[in-house]
Amino acid sequence: LMFKSGNFGSGDRTCRCGIIGRLRHFAEMAASKPAPKVINDADNSKFTFEEAKDCVLEYHLQGNGIDLTHTFVPAKYRGQGMAEHLANAAFQYAKEQGLKVIPSCSYISDTYIKRHPEYADLVKH
């Protein structure tokens, strides 16, 4: 990266490749967008969105647990935090219902739980 200013802590932080500006733009867009409305489609055992029903987090209820089995977000929605919104709803549901989460889905086990240690006590080991 080639910065216009040698002092990154102050002054002009733009760079020739425009990465800083693009990152700032995406951060501002994400902060200004309201979270999409997640719905629990209990009849089909999945969390999805009112406006993007092809984004799903599938689950199976098992006794006092909820097995989060599969998350899918189509390419046109990737990079927008859609999987995280679905997982947030699933973990909130588990908490409200007193369920332990079984993280069978690799997104949940490998990514989401690591980013959200506040839900560690809900995970069934």
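Worth pointing out:
- In Hz, Karplus ³J(HN,Hα) per residue of region 94-105 (6.51, -1.76, 1.60; θ = phi - 60°; x = Gly, Pro): 4, 4, 5, 8, x, 9, 8, 8, 9, x, 6, 6
- Looking at region 95-125, the trypsin sites (Lys or Arg not before Pro) that sit in a DSSP loop and have at most 15 other Cβ atoms within 10 Å of their own Cβ are 124.
- A simple spin-label model places the labels of residue 123 and residue 92 2.1 nm from each other, with each point 7 Å out along Cα-to-Cβ.
- Karplus-derived 3J(HN,Hα), 6.51/-1.76/1.60, for each residue of region 61-66, Hz, glycine and proline x: 7, 9, x, 9, x, 10
- Site pair residue 43 and residue 78 shows an inter-label distance of 3.2 nm when each label is modelled 7 Å from Cα along Cα→Cβ.
- For residue 66, nonlocal amide neighbours, meaning residues 5 or more places apart or on other chains whose placed amide H falls under 5 Å from its own, are 100, 101, 102.
Every read-out reported here was derived from the displayed coordinates using simple, explicitly stated rules and does not represent laboratory data. Fair warning: this is a prediction, and the values are worked out from it, not measured in the lab. Using ideal geometry, Cβ is built from the backbone for each residue, glycine included, and neighbour counts are taken over all protein chains shown.
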